[in-house]
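The structure appears below as structure tokens.
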Amino acid sequence: MPPCWKKRRWKPEERVDPGFKRLEKILTGKVMWNEPMKGHTSYGIGGPALGLFYPAHEEDLSAILSISREKSIPVYFTGSGSNLLVSDDGFDGFVISLAKTFKTLEINGTNVFAECGVMMGHFVKICTGAELSGVESLIGVPGTVGGAIRMNAGAYGREISNFLTSLRVMTLDGKVKELSRNEVEFSYRHSSLRSDEIVVSAKFKFEKGAPEVIQVLKSKASESRKATQPLRFRSAGSIFKNPPEKPAGQLIDQAGLKGTRVGGAEISEKHANFFVNHGDASSEDLVELIRLARRTVREKFDIHLELEIMTLGFPEGTFDG
């Protein structure tokens, strides 16, 4: 979907087209109109979406997409909102999350089937409990399986795409496609999945491992996160992707920005690539810090920092340093 659109100022009574109400009679899942997104992101920041949907199954999802096309309503797919910054102005469109409903997880030997709404923490716990090796390094990775696939989440030298064998996606016109691993290109924090495709489910192949070895690797990954990341504060994980030259956090630290605070937002003292919300941060506070970090790193090191977090509801060019 496009990165921005012309913003319209709505009055509360105008925001819900009477035609949308028929969705409530069709859907099995949940719909919330004019729902503040701050209650649905790890940052705790964000104004209202025109509609927030938790479809119960593929038929629900298809129905939502159908009316969005009919009414020319922008659509944004999200998981649990763990890497999402939403504007305080909100989003005049539909936000669709499969995090609370598409949660089937099945293991057959070394083969794993997971729907996109399965939380990564649960995914790692169940897979390692079945003595499957390879996924233990992903312990602590936030969000859902679907979101992890889209951004090719990884940690400590492993990425989720290393174990993917196939996936099922639905397009904005409601069509379902089966894709093999070879039909999708993956790179660092990136996949070639189009923005108008939502991951519905995926299949993985792991190897059997020794329980004691798996436990040691899980513990190392977990302790490393606790030691290096500001887990006590609300954040969206790493703000920037690591450029080839050196880690983004190291660049921001060397630029002298660690601990810089704007309003209720701060570049973490513990990890400079984590920008945290101390409780009352606005989206504009985060925007200002992101611009500052980008501009300063470019001026000092001639390196462009690319956003790793997803953003919603901001005009084009908002985050340019």
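Before moving on, here are some points about what is shown:
- Qualifying residue in the range 22-41 (condition: at pLDDT below 90 and open to solvent by less than 40 Å² (accessible area, probe 1.4 Å)): yes
- Condition check for PHE204: over 19 Å from HIS40 (Cα atoms) and aromatic (Phe, Trp, Tyr): yes
- Residue among ALA255, ALA293, ALA210, ALA221 that alone is more than 20 Å from the chain's Cα centre (by Cα) and exposed (fewer than 15 other Cβ atoms within 10 Å of the Cβ): ALA210
- Taken together, VAL124, VAL112 contain a single residue that is modelled with pLDDT under 95 and either within 16 Å of ASN83 (Cα to Cα) or outside any loop (DSSP other than H, G, I, E, B) (or both), which is VAL124.
- Highlighted here are the strands (runs of 3 or more DSSP E) found entirely within the range 205-321 that include at least 1 residues which are among the polar types (S, T, N, Q): 275-277, 310-312.
- Among (1) more than 16 Å from ALA293 (Cβ to Cβ); (2) in contact with a strand residue (DSSP E or B) (Cβ under 8 Å, 6 or more places away or on another chain), the one test that LYS241 misses: (1)
- Residues of the range 134-161 that turn out to be in contact with a Leu (Cβ under 7 Å, 6 or more places away or on another chain), outside any helix (DSSP H, G or I) and more than 16 Å from SER238 (Cα to Cα), as a count: 1
- For beta carbons closer than 7 Å, sequence separation of 6+ or different chains, a first residue in the range 276-294 that is within 18 Å of LEU251 (Cβ to Cβ) and a second that is assigned to a helix (DSSP H, G or I), the qualifying pairs are ALA293/ILE252.
- Considering the range 170-204, and only residues there that are among the aliphatic types (A, V, I, L, M) and part of a loop (DSSP other than H, G, I, E, B), the residue that is farthest from ILE96 (Cα to Cα) turns out to be VAL184.
- Each residue in the range 153-186 was checked for being modelled with pLDDT under 90, surrounded by fewer than 17 Cβ atoms within 10 Å (Cβ to Cβ), of a type outside the set (Val, Ile, Thr) and under 21 Å from the mean Cα position of the chain (by Cα), and 3 pass.
- Residue list for the range 78-109, restricted to those being among the small types (Gly, Ala, Ser), buried (at least 22 other Cβ atoms within 10 Å of the Cβ) and assigned to a strand (DSSP E or B): SER97
- Positions within the range 95-139 being small (Gly, Ala, Ser) and in contact (Cβ under 8 Å) with a residue 12 or more places away in the chain, in sequence order: SER97, ALA99, ALA114, GLY117, GLY121, ALA130, SER133, GLY134, SER137
- Residue check, GLU288 of a type in the set (Asp, Glu), touching a strand residue (DSSP E or B) at 6+ places or on another chain (Cβ under 9 Å) and either closer than 21 Å to MET151 by Cα or buried (at least 21 other Cβ atoms within 10 Å of the Cβ) (or both): no
The values are calculated or read from the model by the stated rules, or taken from the named source; none is laboratory data. Because the structure is a prediction, the values reported are computed rather than measured. As a convention, Cβ positions derive from the backbone with ideal geometry for all residues, glycine included, and neighbour counts pool all protein chains shown. The protein model used for the area step is the full one, side chains on, heavy atoms only, and it has no ligands, DNA or RNA in it. Shrake-Rupley method; radii C 1.70, N 1.55, O 1.52, S 1.80 Å.
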